[in-house]
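Below: the structure, in structure tokens.
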């Protein structure tokens with residue numbers, strides 16, 4: 001303990017240099033832990049987005065693309081599913097429930113999802129948690145809308161407020177369905193999933209705003225009011241995808257094969273968990289590359305510490321000689337320099353953890369709003385603690401060489417004036 005106290009006082013006497021070394025180590029530790037936290041929390045957030053769904057069915061294409069646009073609202077479908085095909089598969093003896101999904105429109109950068117009221121009954125996230133309404137009710141009328149928590153908070157919407165849907169899924173759209181506004185009737189409780197960034201309307205509502213549109217634009221000379229549209233048959237002709245829950249888990253692979261061989265049109269059925277694992281396998285190379293880069297940055301920080309210790313050691317030859325002269329043994333000199341390196345590494349690691357927590361507090365809301373990622377700040381995971389222990393171990397190893405050099409210094413060497 002006395003050696004550590006002396007090491008602390010020695011570092012304080014060189015506080016400017018020590019502070020720069022600590023800052024270099026802290027920034028490298030922040031990057032290393034930040035990459036690890038983002039990687040693990042992103043996986044957990046994605047895994048918690050959907051649960052209790054056995055199959056996701058959409059037009060034939062890539063399984064990962066189907067998962068991304070149907071669950072995470074990322075990307076666009078290659079094609080749609082005919083309503084008759086959906087009804088046929090929904091009536092399958094092994095199917096317990098289905099939830100149709102219709103995407104393609106947006107509201108001020110947020111995706112609009114057309115669905116049925118079964119969505120609120122059967123959609124599950126996290127550990128089989130159901131959706132809950134924070135206020136209001138589910139949609140009942142053609143032009144009712146239920147907002148995700150983030151949509152309501154970011155745009156400041158309240159119940160009974162009128163909103164206009166834009167055609168297409170871009171951030172900015174000049175094609176507005178402003179002749180058929182929707183009314184906010186409910187706001188969902190926050191889930192930490194893409195549901196929070198979604199505006200939910202009925203399938204009939206999606207059909208209603210497009211009855212007088214063709215090819216992505218209004219039909220010239222054809223403009224139907226909201227009241228006129230209500231009198232029409234608003235059964236959708238196509239949907240984007242649908243979720244499937246089965247009566248028996250043993251029938252998953254058999255029904256998946258039946259859907260993939262569906263004769264009426266080319267369809268694709270995927271298992272959400274298996275497809276998500278394929279996504280992580282695809283992203284594994286990029287994750288490992290980020291971790292390697294972060295590790296190299298930590299190595300650079302420790303190299304800065306080693307350079308500072310070696311440079312300072314040449315300037316402290318007389319200090320070491322005086323310590324030897326007053327009775328300090330070579331082993332104590334070795335422990336002193338090693339204690340300094342450990343102190344620098346420990347201070348840098350602690351500051352790095354604090355910087356990461358501060359960054360998450362500042363950037364957390366933005367990540368939640370933009371990407372739907374809920375990144376927890378504290379406590380660190382077991383793997384992060386292992387990384388911190390590795391940084392401290394590397395700090396100790398980096399201090400061995402300057403400690404060994406200090407050990408070899410003698411009283412005579414320290415008292416000798418070199419020209």
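The values are calculated or read from the model by the stated rules, or taken from the named source; none is laboratory data. Since this is a predicted model, take the numbers as computed values, not measurements. Cβ coordinates were reconstructed from backbone atoms using ideal geometry, including for glycine residues, and neighbour counts include every protein chain displayed.
Below is a table of values for the structure above.
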{"quantity": "Entirely in the range 12-103, the helices (runs of 4 or more DSSP H) that have 1 or more residues that are within 25 Å of residue 282 (Cβ to Cβ) and in the same structural domain as residue 308 (by TED's automatic domain parsing)", "calculated": "15-47"}
{"quantity": "Among (1) touching a strand residue (DSSP E or B) at 6+ places or on another chain (Cβ under 7 Å); (2) surrounded by fewer than 20 Cβ atoms within 10 Å (Cβ to Cβ), the one test that residue 101 misses", "calculated": "(2)"}
{"quantity": "Qualifying residue in the range 331-347 (condition: over 39 Å from the mean Cα position of the chain (by Cα), in a loop (DSSP other than H, G, I, E, B) and either at pLDDT 70 or above or more than 17 Å from residue 396 (Cβ to Cβ) (or both))", "calculated": "no"}
{"quantity": "Qualifying residue in the range 308-323 (condition: modelled with pLDDT under 80 and at positive phi)", "calculated": "no"}
{"quantity": "Check on residue 238, at pLDDT below 95 and within 17 Å of residue 119 (Cβ to Cβ)", "calculated": "no"}
{"quantity": "Count of the range 48-66 residues which are within 22 Å of residue 248 (Cα to Cα) and touching a helix residue (DSSP H, G or I) at 6+ places or on another chain (Cβ under 8 Å)", "calculated": "8"}
{"quantity": "Any hit, the range 75-88, residues being under 30 Å from residue 360 (Cβ atoms) and either surrounded by fewer than 16 Cβ atoms within 10 Å (Cβ to Cβ) or without any contact (Cβ under 8 Å) to a residue 60 or more places away in the chain (or both)", "calculated": "yes"}
{"quantity": "Qualifying residue in the range 228-237 (condition: farther than 30 Å from residue 165 by Cβ, part of a loop (DSSP other than H, G, I, E, B) and touching a strand residue (DSSP E or B) at 6+ places or on another chain (Cβ under 7 Å))", "calculated": "no"}
